[in-house]
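Notes for the one structure printed next.
The values are calculated or read from the model by the stated rules, or taken from the named source; none is laboratory data. As the structure is a prediction and not an experimental result, all values here were calculated from the model. Note that we place each Cβ from the backbone using ideal geometry, even for glycine, and neighbour counts take in every protein chain shown.
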Amino acid sequence: MALVTSTEMFKKAYEGGYAIGAFNVNNMEIVQGITEAAKEVNAPLILQVSAGARKYANHTYLMKLVEAAIIETNLPICLHLDHGDTFELCKSCIDGGFTSVMIDGSHHSFEDNIALTKQVVEYAHARGVVVEAELGRLAGIEDAVNVSDADAAFTKPDEVEEFVTKTGVDSLAIAIGTSHGAYKFKPGQKPQLRFDILAEVEKRLPKFPIVLHGASSVIPEFVEMINNNGGKMPDAIGIPEEMLRKAASMAVCKINIDSDLRLAMTGSIRKYFAENPSHFDPRQYLKPAREAIKGLVKNKIVNVLGSDGKA
Ligand code: G3H
Ligand code: 13P
Ligand code: ZN
């Protein structure tokens with residue numbers, strides 16, 4: 001099995017009312033934890049690499065780790081650039097073997113976002129690679145994207161048809177109230193998503209795959225594991241799982257998860273050192289961290305995304 005694009009995955013997910021998990025990868029243990037979980041429940045996967053991950057781990061190492069995961073699991077895996085912000089970055093990932101790229105022009109004007117996305121789509125499609133774009137802006141902080149609450153903006157449904165027609169893009173990320181990171185709602189605030197916007201987008205773009213970024217649930221078990229072992233994240237709060245299930249049953253075909261992986265890994269390592277303060281062999285603390293990721297991903301696939309048995 002070679003790397004695949006997300007085209008077939010999205011088609012089946014749309015028809016089946018489930019979503020494909022798109023998990024961010026940064027090192028070997030993360031790749032192994034995610035792909036071992038998917039193998040056990042026979043789920044298709046999108047593994048995504050941010051500009052920051054590529055800087056941290058190096059393009060070739062990440063490519064080879066993902067190729068190794070395909071050999072080990074024989075699963076359909078799509079390798080995707082997460083939040084590409086320039087044509088050059090997308091081109092470099094396309095030339096370097098990725099099967100999918102995101103061009104995130106959401107911080108540009110509508111017209112400039114169209115022009116940039118179209119340029120990436122033309123280059124990608126000529127090489128058999130698919131493209132995700134974004135309309136609307138999510139709040140939150142990542143390495144490459146830093147959007148304040150004030151600058152965040154919901155997607156305007158009356159713009160989506162023109163955007164998709166003019167760019168030829170394959171999937172569209174929209175902003176309906178999710179945000180990146182571990183602090184998605186203010187303390188005491190009731191989590192809410194704009195499902196009315198999603199329904200309106202779905203009406204205007206029939207059978208078109210929609211992407212949900214910022215979709216970690218910020219699982220309390222892992223936040224507690226951090227807080228109980230010397231960490232300090234008391235106000236962390238994520239997207240309730242029932243909202244993700246609802247999104248997956250609608251037009252959302254790709255659900256992006258990174259923060260939950262980080263929390264699982266960090267919670268597990270903090271707990272390990274609290275219990276074993278004198279240990280120093282990295283294999284001893286990375287093994288439970290990899291297991292924590294595996295358990296998390298398996299639970300997401302089976303109980304939230306519904307992509308188990310669909311590989
Ligand atoms: O939404 C993006 C991911 O969480 C990647 O974050 O840019 O810090 O690698 P990063
Ligand atoms: P989270 O921070 O909610 O995991 O979102 C990840 C994401 O959207 C990656 O693009
Ligand atoms: Zn994102």
Check your understanding: Would you call Gly84 within 26 Å of Val169 (Cβ to Cβ) and either among the basic types (Lys, Arg) or touching a residue at least 24 places away in the same chain (Cβ under 8 Å) (or both)?
Key -> yes
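Conditions (1) in contact (Cβ under 8 Å) with a residue 60 or more places away in the chain; (2) outside any helix (DSSP H, G or I), marked per residue:
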| position | (1), (2) |
| --- | --- |
| Glu15 | no, no |
| Gln32 | yes, no |
| Leu65 | no, no |
| Cys78 | yes, yes |
| Cys93 | no, no |
Check your understanding: With respect to Asp308, is the statement that it is surrounded by fewer than 16 Cβ atoms within 10 Å (Cβ to Cβ), assigned to a loop (DSSP other than H, G, I, E, B) and of a type outside the set (A, V, I, L, M) true?
Key -> no
Practice item. Residue by residue through region 226-261, note down the ones that are within 15 Å of ligand 2 (Cβ to nearest atom), in a helix (DSSP H, G or I) and among the acidic types (Asp, Glu). Key: Glu241, Asp260
Review point. If a residue has to be away from ligand 3 (no atom under 16 Å from the Cβ) and of a type in the set (Ser, Thr, Tyr) to count, how many in region 213-269 make the cut?
Key: 3
Practice item. Could you tell me which of the residues Ala115, Ala153 is surrounded by fewer than 20 Cβ atoms within 10 Å (Cβ to Cβ), at pLDDT below 95, out of contact with any Leu (no Cβ under 6 Å at 6 or more places or on another chain) and of a type in the set (Gly, Ala, Ser)? Key: Ala153
Review point. Of Ala274, Ala264, Ala292, which residue is in contact with a Ser or Thr (Cβ under 6 Å, 6 or more places away or on another chain) and over 30 Å from Asp196 (Cα atoms)?
Key: Ala292
Check your understanding: For the subset of region 94-122 comprising residues that are within 14 Å of Thr155 (Cα to Cα) and touching a Lys or Arg at 6+ places or on another chain (Cβ under 7 Å), which member is nearest to ligand 1 (Cβ to nearest atom)?
Key -> Ser106
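Let's see how each residue does on (1) hydroxyl-bearing (Ser, Thr, Tyr); (2) crowded, with 19+ Cβ neighbours inside 10 Å; (3) under 30 Å from Val164 (Cα atoms); (4) in contact with a helix residue (DSSP H, G or I) (Cβ under 7 Å, 6 or more places away or on another chain):
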site	(1), (2), (3), (4)
Lys207	no, no, yes, yes
Ser216	yes, yes, yes, yes
Met225	no, yes, no, yes
Asn228	no, no, no, no
Lys232	no, no, no, no
Asp235	no, no, no, no
Arg245	no, no, yes, yes
Ser249	yes, no, yes, no
